[in-house]
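Just so it is clear, none of the values below were taken in a lab; they were calculated from the coordinates. This one's a predicted model, so the numbers in the text were calculated from it and none came from an experiment. Reconstructed Cβ throughout: ideal geometry from the backbone, glycine too, with neighbour counts over all protein chains shown.
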Amino acid sequence: MKKLITLVLAICMVLALAACGAPAPAAPADKAETPAEPEAEGYTVNACIASEPETIDPNLVASVDGSTYTQHQFENLMKYKMIDAHPAALPAENPNVCDTEVVYGQAESYEVSEDMCTYTFKLRDDIFWSDGEPVKAGDWVYSWRRLVDPATGADYGYFLDGVVLNAAAIQNEEKKVEELGVKALDDKTFEVTLEAPCPYFIEMCAFSALVPLREDVVEGNDTWTEPENIVVNGAYKVSEWAHDSYIKMVPNEMYYDVDNLGPAEIVWHLSDSETAILSAYQNGEYDFIDSFPTDMIDTLKASGDCFINPYVGTYYLYLNCDKITDWRVRAALTLSMDRENIVTNVTQGGQVPAKGFVASGILDSTGADFSEGASELGAIFNTLAKMYPDADLESYAGRCALAKELYDEAVEEGAWDANTTLVYNFNTSEAHKAIAEA
């Protein structure tokens, strides 16, 4: 259906607004004058990608849906722009897939020191928060310090570890957050000092957890993300949030490229019922969805409604090591997961069994897939293969046999109570429920 294809492109474009042609930078100002309301094209996009987000605080978001919402509202130093990819690189079933590249967002330029360890960003002169206040270099200093501060408890608190100077030491509570390698040399100059050269650092500067935040808005305000309180610097802003029902976004009139935005309104409907989501799409209530019952994949592909696009990511489980203290029990749980069955009969979307935490598709410094030439067992089972060379780790039956051996050994030695009940936590998504039950 054309509405689906159009919607995919429209939503993606929000993440790559610079591609639309930004106006020439305005003269510096202490505070922006409120411009006239932009002439919107007048159309509304209705989408459903998940249920109620846990948060839309960029430093705290750890989910794909939450990140999608924050990327519509906040813009980083750099951002992703859609570009045409070579046809050979596109999946045959979806000619509408585009590649992306990192381009300037809130920054207009950057310089790198000779030792490749200091990046100095110059900010645009025409960037303002949605309340008219200018965006300043100090807003990145505050946000990045807040992210790595152990007191924040951010899932992505580790993101700068080993990259930005002292980030790991701060996470380990060995240094103070003020010692993070970031400085505001002036309101328009942001300096970052790295632990060592990092060839992908500029790509990191487009990541949603590293967007700027206003200390006077965020600090001490647990409700700062509510529509009446939130202040953003990106393309869209929340106009209404009916919790557990929908989030409405409208163009941010203070955004430098507001005249080139697409939808006059984006409505993110919040639901976790895949059946209800699909029904709403088929009834014309939603323009775009990304979850539906897996047994409908073939039907929807045949009708032209469903496209499966390439995606690099890893679906993994956290094990509470404070509770599951014996490594053999943890190994048994890992061995007992039937990855092949899950991707073949449960998710059914072309996923592949994970061989390690880093997903296949990640390229090394030569541009080749890092996993090419790696052991067929992958990083997950390599250590066990060395410890138990006679174990058959290539088959699920063989892995289960070793899992039972390790588990029984832990129980017999008193390292694990066989009467212990393990609790598997997941959110309200039907897809996660199906994986958990598998």
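For the range 255-405, what's the relative contact order in percent, using C-alpha pairs closer than 8 Å and at least 6 residues apart? Numbers along the way, then the final one.
Values: 100 pairs, mean separation 26.9, N = 151.
Reported as a whole number, the value is 18 percent.
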Check your understanding: Can you work out the FRET efficiency for the pair Asp244 and Asp115, with r the C-beta to C-beta distance and R0 = 51 Å, to the nearest 0.05?
Key -> 0.50
Review point. Between rounded, prolate and oblate, where does the range 303-438 land on the alpha carbon gyration tensor, with a ≥ b ≥ c its root eigenvalues, rounded for a/c under 1.5, else prolate if a/b exceeds b/c?
Key: oblate
Check your understanding: Roughly speaking, what is the centre-to-centre gap between the range 116-147 and the range 183-247 when only Cα atoms are used, to the nearest Å?
Key -> 9
**Study point:** Theoretical ellipticity at 222 nm over the chain - DSSP helices of four or more residues, -39500 (n - 2.57) apiece, nearest 500
**Key:** -7000 deg cm²/dmol
Revision key, fill the gap. Applied in sequence order to the range 238-243, the curve 6.51 cos²θ - 1.76 cosθ + 1.60 (Karplus, θ = phi - 60°) yields integer Hz couplings, x standing for Gly and Pro, of 6, 9, 7, 9, 8, 3
Check your understanding: Taking the Cβ-Cβ separation of Lys386 and Asp322 as r and a Förster radius of 35 Å, what is the calculated FRET efficiency to the nearest 0.05?
Key -> 0.80
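Which helices count as membrane-span-like in the chain under these terms: full DSSP H, at least 15 Å along the axis by C-alpha, Kyte-Doolittle mean of 0.5 or more? Before the final figure, lay out the partial values.
Values: long enough: 2-14 (19 Å, 2.04); 137-148 (17 Å, -0.23); 396-412 (24 Å, -0.23).
For the chain, where a helix must reach 15 Å along its axis and average at least 0.5, the hits are 2-14.
Please work out how much length the chain gains when fully extended from Thr294 to His432, using 0.36 nm per residue of separation minus the C-alpha to C-alpha distance, in nm with one decimal. Don't skip to the answer; put the middle values down first.
Working: separation 138, 0.36 × 138 = 49.68 nm, distance 1.19 nm.
So the chain would gain 48.5 nm between Thr294 and His432.
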Practice item. Have a look at Val217, Tyr281, Leu160 and report the one farthest towards the positive end of the charge dipole of the chain, computed about the Cα centre with Cβ charges (Lys/Arg +1, Asp/Glu -1). Key: Tyr281
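Quick one: plug the Kirkwood hydrodynamic radius of the range 117-218 (C-alpha pairs) into Stokes-Einstein at 20 °C, 1.002 mPa s, and report D in µm²/s.
Values: Rh = 13.9 Å.
Rounded to a whole number, D works out at 155 µm²/s.
Beyond 23 Å between alpha-carbons counts as too far, so tell me which of Lys81/Lys433; Lys79/Lys183; Lys79/Lys136 fall in that bin.
On the way: Lys81/Lys433 34 Å; Lys79/Lys183 21 Å; Lys79/Lys136 17 Å.
Going by Cα-Cα distance, Lys81/Lys433 fall outside the 23 Å limit.
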Point to revise | Residue order, fewest to most beta carbons within 10 Å, for His269, His72, His243 | key: His243, His269, His72
Practice item. Would you indicate which of (i) 21, 39, 34, 6; (ii) 21, 53, 24, 1; (iii) 27, 60, 12, 0 is the value of P(r) over Cα pairs in 20 Å bins from 0, in percent derived from the coordinates of this structure? Key: (ii)
